[in-house]
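Read through the structure below, which is laid out as structure tokens, and then see the notes.
Just so it is clear, none of the values below were taken in a lab; they were calculated from the coordinates. These numbers were taken from a predicted model, which means no experiment stands behind them. Neighbour counts are summed over all protein chains in view; Cβ atoms, including those assigned to glycine, are modelled from backbone coordinates with ideal geometry.
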Amino acid sequence: MVEYPGKKDLIAAEGFSVFYGSNEAVKKVTLEIPEGLVTSIIGPSGCGKSTFLRAVNRMNDLIPRCRTEGALRLDGQDLNAQGVDVVMLRKSVGMVFQKPNPFPKSIFDNIAFGPRIHGVRDRSKLAVIVEKSLTQAALWDEVKDRLGDNALGLSGGQQQRLCIARAIAVKPSVLLMDEPASALDPASTSRIEDLIAELRGKYTILIVTHNMQQAARVSDLTAFFYEGNLIEFGETGGIFTKPREKRTEDYITGRFG
Amino acid sequence: MEMALHIRREIEHLKKDILSVGTVVEESLFKAVKSLETRDAALAREVIDSDEVIDHMEVELEEECLKALALHQPVAIDLRLIITIMKINNDLERVGDLSVNIAERALFLSQNGKAKDLLNFSQMAEKTRKMLGKSLDALVNENTALAYEVIQADSEVDRMNREIFLQVHEMIKADPGNVESLIHLLSVSRHMERVADHATNIAEDVIYMIEGEIVRHKAENFRSPDEQL
């Protein structure tokens, strides 16, 4: 297992499985993800990486006949235990999807949406949150003079940064990113990657990507999933120069997948 | 289901190229040694002239490697292989230069009858050439056992180099009139010892390529302390 001195494990899976009906999409995975680092999950389509990611904020609840076994803990709390407040969970575990999905509202209202749900009503307080979130998401300078404009008028890359700003507006501890740059052009992709580097340390970031070079560039740790199993988990530098497992090597060098 | 055919093809291409460089350099070393042993000025000149070819091949292969890195962004074994080829390419080019150095000494000695048979290099030359050949075989066959044999043989060549140093030292004392020829011969010994060092570097890089483990400097462990000059 990966030891990061001084970093506590924020997310811990222990014999954790996810089933879609009788199909075991994630198979008894055990791994510990340290706080404040960027961890990427790689693997071929259907390997269970997105299913695992979605389990962290219980997005799989929306899928009929989906159930879990084993434990998945956030800061020691079993996420699938009875009585877990999913709304509160999703406040502390934000998510960004493959395609930017801003609400058809103003830029300001997109960011203020979450804080409002969680009870912030004061306009000046909201304005502070909006500015701070957009600044952290490296979007403020581009939109500060048009906060009232519809968010759908932004470019794809800007929309994705808006979604990241929206996710961090409710002060989550974890950010989940499912292929956050795969629908973006190279310049926007590199802005997202720069942004991930900026957010590193402030949030625990879990990113699923098909782009292995992106995993290599942005993450501290890399987990390789194959057919629902966690094959290898380790420091990204080690995985991409000298993987321990043959299957990891075959995958990252493009010999299968 | 074979993916990434492009990089597979590219790597096969680079492997073939490094072997071509290796073959040309081995031949150059062989001729340099022969020109020394036979005091063959024409053969020595041939070695000196052919260095341009090696230099050209080296630059071309390095550019191919850089292109492969930039275009395919290889990882794991593919990355280690290309980096290893780049490093070996460098070592081989240096062996080419050393062959030229040996040939230049041969050229001088061919014009100086007095130096004939002063020192016998055949054993050292044979050992050194074998090391280089073996290091290239280790690369081709991805054979770490062969690579370790090369690393171990290096101390033997070092020992021969020291012996020649001592012999030259004695000979200069005994007959100062031969000093110029003897200094040239001492250089030859030094060049051969350097060739053996490059063969050792190649062997170490082959081990890195296969095992992902950098054994350089650890190789010191193979030598006993009394072997250090």
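Summary of values
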quantity: Span from the segment B:184-199 Cα centroid across to the segment A:61-138 one, whole angstrom; calculated: 69 Å
quantity: Packing-based ranking, highest mean first, of A:152-158, A:78-84 given that Cβ atoms within 10 Å are counted; calculated: A:152-158, A:78-84
quantity: Alpha-carbon spread of segment A:176-234, three principal axes, descending order, Å; calculated: 33, 25, 17
quantity: Helical contribution to [θ] at 222 nm, DSSP H n ≥ 4, -39,500 (n - 2.57), averaged over chain B, rounded to 500; calculated: -29000 deg cm²/dmol
quantity: Computed E for A:K99/B:E27 - FRET, C-beta separation, R0 56 angstrom, nearest 0.05; calculated: 0.40
quantity: Rh (Kirkwood; distinct C-alpha pairs) - the protein assembly as shown, Å; calculated: 26.9 Å
quantity: Inter-chain Cβ neighbour average for residues A:245-251, partner chain, 10 Å; calculated: 2
quantity: Highest to lowest packing among B:102-109, B:197-204, B:124-131, B:68-75, scored as the average C-beta count within 10 Å; calculated: B:197-204, B:102-109, B:124-131, B:68-75
quantity: Under 14 Å, Cβ to Cβ, from A:K49 - net charge with Lys/Arg +1 and Asp/Glu -1; calculated: -2
quantity: Segment A:223-257 and segment B:119-146: distance between their alpha carbon centers, rounded to Å; calculated: 36 Å
quantity: Residues with amide H under 5 Å from that of A:D75, placed H, sequence gap 5 or more; calculated: A:I11, A:A12
quantity: Compactness relative to 2.2 N^0.38 Å, alpha carbon Rg of chain A; calculated: 1.01
quantity: Shape call, segment A:205-257: gyration tensor on alpha carbons, a/c limit 1.5; calculated: rounded
quantity: Violating pairs (Cα-Cα greater than 32 angstrom) within the set A:K7/A:K242; A:K246/B:K87; A:K91/A:K246; B:K34/B:K67; A:K99/B:K87; calculated: A:K91/A:K246; B:K34/B:K67; A:K99/B:K87
quantity: Proximal lysines relative to B:K31, as straight alpha-carbon distance under 17 Å, when same-chain residues fewer than 8 apart are discounted; calculated: B:K127, B:K130
quantity: Over chain B - Rg/Rh using Cα atoms and the Kirkwood inverse-distance radius; calculated: 1.04
quantity: Shielding score for A:68-76, defined as the mean number of other chain Cβ atoms within 10 Å; calculated: 0
quantity: Proximal charge balance of A:T68 [Cβ under 15 Å; K/R count +1, D/E count -1]; calculated: +2
quantity: Highest to lowest packing among A:181-193, A:230-242, scored as the average C-beta count within 10 Å; calculated: A:230-242, A:181-193
quantity: Peptide B:65-75 - average C-beta neighbours from other chains (10 Å radius); calculated: 2
quantity: Spatially proximal lysines relative to B:K173 (Cα-Cα < 27 Å; intrachain offsets below 8 disregarded); calculated: B:K114, B:K116
